[in-house]
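Nothing in this text is a laboratory measurement; each read-out follows from the coordinates by a stated rule. Computed from a predicted structure; not experimentally measured. No Cβ is skipped: glycine too gets one built from the backbone with ideal geometry, and neighbour counts run over all protein chains shown.
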Amino acid sequence: MEINAIRASIRKGSFFVTDHALTEGFKDGISVPDMLHVIQTGKIIERYPGRRRCLVYGHNTAAIPVHVVVDFSAGRSVDIVTTYVPQRDQWIKSQVRKKRKR
């Protein structure tokens, strides 16, 4: 799964934003244009190949770090599954997941 293929689908309008992404985005003040901006300008920081999903990290237009989970299992279209502002207690510089303490 390459970011360029995901971006191409977004540019073509071949994407769907799930209700979950809209709800979670609303909670954190992330709009659909913010989600699309993050995908177009951000980078993949985690891949979930079993589900053909990835986690994209970037910043919204207000320079706030944002994560967007993208599903590319359809191959030609993108599903934006969820989005959120990464929490400092769970992420290092919003890009590396902290290990859980046992």
Residue by residue through segment 17-22, what is 3J(HN,Hα) from phi via Karplus (6.51 cos²θ - 1.76 cosθ + 1.60, θ = phi - 60°)? Round to whole Hz and write x for glycine and proline.
9, 5, 4, 4, 5, 5
Looking at the chain from every direction and averaging, what is the projected area of its Cα convex hull in nm²?
6.6
Note, ³J(HN,Hα) from phi for segment 26-43, Karplus 6.51, -1.76, 1.60, rounded to Hz, x at Gly and Pro:
4, 4, 9, x, 9, 8, 4, x, 4, 4, 5, 4, 4, 5, 6, 10, x, 9
R0 = 35 Å: FRET efficiency of LYS93 with THR18, Cβ-based, nearest 0.05?
0.80
List the lysines whose alpha-carbon lies under 25 Å from that of LYS12, not counting same-chain residues fewer than 8 positions away?
LYS43
Sequence gap at least 6, Cα distance under 8 Å: using those rules, report the relative contact order of segment 10-61 to the nearest whole percent.
30
Derived scalar couplings ³J(HN,Hα) [segment 65-72; Karplus, 6.51 cos²θ - 1.76 cosθ + 1.60; whole Hz; x for Gly, Pro]
x, 9, 10, 10, 8, 10, 10, 10
For segment 36-102, what is the charge dipole size about the Cα centre, in debye to the nearest 20, if Lys and Arg each add +1 at the Cβ and Asp and Glu each add -1 at the Cβ?
520
Compactness of segment 63-102 as Cα Rg over 2.2 N^0.38 Å, two decimals
1.47
Positive-end residue, segment 21-102 charge dipole about Cα centroid, Cβ charges, pick of ILE64, PHE26, ILE92
ILE92
Sequence-distant residues sharing a close amide H with ILE64 (under 5 Å, placed H)
none
Which residues qualify? For VAL78, with a placed amide H closer than 5 Å and at least 5 residues away or on another chain, they are PHE15, PHE16
Sequence-separation-based contact order of the chain, relative, with Cα cut under 8 Å and 6+ spacing, percent:
28
Amide H of GLU46: which non-local residues (sequence gap of 5 or more, or other chain) have their own amide H closer than 5 Å, using H built in the peptide plane?
LEU55
Can you show me the helix-derived [θ] at 222 nm for the chain, built from DSSP H runs with n ≥ 4 at -39,500 (n - 2.57) apiece and divided by the number of residues, rounded to the nearest 500.
-8500 deg cm²/dmol
